[in-house]
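Engineer: Can you keep this structure in mind? I'll have questions shortly.
The values are calculated or read from the model by the stated rules, or taken from the named source; none is laboratory data. This one's a predicted model, so the numbers in the text were calculated from it and none came from an experiment. Cβ coordinates were reconstructed from backbone atoms using ideal geometry, including for glycine residues, and neighbour counts include every protein chain displayed. Protein only, heavy atoms only, side chains kept; ligands, DNA and RNA dropped before computing areas. Shrake-Rupley method; radii C 1.70, N 1.55, O 1.52, S 1.80 Å.
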Amino acid sequence: MSWFIGRTEALSNTEAARRKALERLRSLAELDDPESLVVPILLDAILMAEAYRGARHQVSFLPELTRNVDALLRELNIVDKTKEWANG
């Protein structure tokens, strides 16, 4: 199963994109150590919000945030595949 929220979807229908992301995050409870994946993302998101407060420049740690989100999604994909194989 492929999971993706594109830029267009995120910007044009924010509520639907949020619901889609929330549904995806429901699998967090099945990960071995969800905090180790989620906490760095939350910290980067807080820093990004603070960096953008009153400024109009690129956030230097956006690539790190992207890597952390990608790592979280890879782990959630593993959970999904494991479920599929167990039920298949």
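Engineer: If you go through segment 17-37, how many residues are closer than 14 Å to Leu76 by Cβ, open to solvent by 60 Å² or more (accessible area, probe 1.4 Å) and of a type in the set (D, E, K, R)? Please lay out each step first, then the result.
Structural biologist: Going through segment 17-37, the residues closer than 14 Å to Leu76 by Cβ turn out to be 20-34, 36-37.
Retained after the next criterion (residues that are open to solvent by 60 Å² or more (accessible area, probe 1.4 Å)): 20, 22-23, 25-26, 29-30, 32-33, 36.
Then drop every residue that is not of a type in the set (D, E, K, R), which leaves 20, 23, 26, 30, 32-33.
Of the residues in that region, 6 qualify.
Engineer: Filter segment 7-16 down to residues that are in contact with a helix residue (DSSP H, G or I) (Cβ under 9 Å, 6 or more places away or on another chain), open to solvent by less than 70 Å² (accessible area, probe 1.4 Å) and either at pLDDT below 90 or over 28 Å from Thr82 (Cα atoms) (or both), then give me how many there are. Don't jump to the end; show me each part of the working.
Structural biologist: Let us first name the residues in segment 7-16 that are in contact with a helix residue (DSSP H, G or I) (Cβ under 9 Å, 6 or more places away or on another chain), namely 9-11, 16.
Checking the rest, the ones that are also open to solvent by less than 70 Å² (accessible area, probe 1.4 Å) come to 9-10, 16.
Those left that are additionally either at pLDDT below 90 or over 28 Å from Thr82 (Cα atoms) (or both): 9-10.
Qualifying residue count, segment 7-16: 2.
Engineer: Further, regarding this structure: Specify which of the listed residues (Ala51, Ala86) is open to solvent by less than 40 Å² (accessible area, probe 1.4 Å) and in a helix (DSSP H, G or I). Full working, then the answer.
Structural biologist: Working: Ala86 fails: open to solvent by less than 40 Å² (accessible area, probe 1.4 Å).
When all the criteria are applied, what remains is Ala51.
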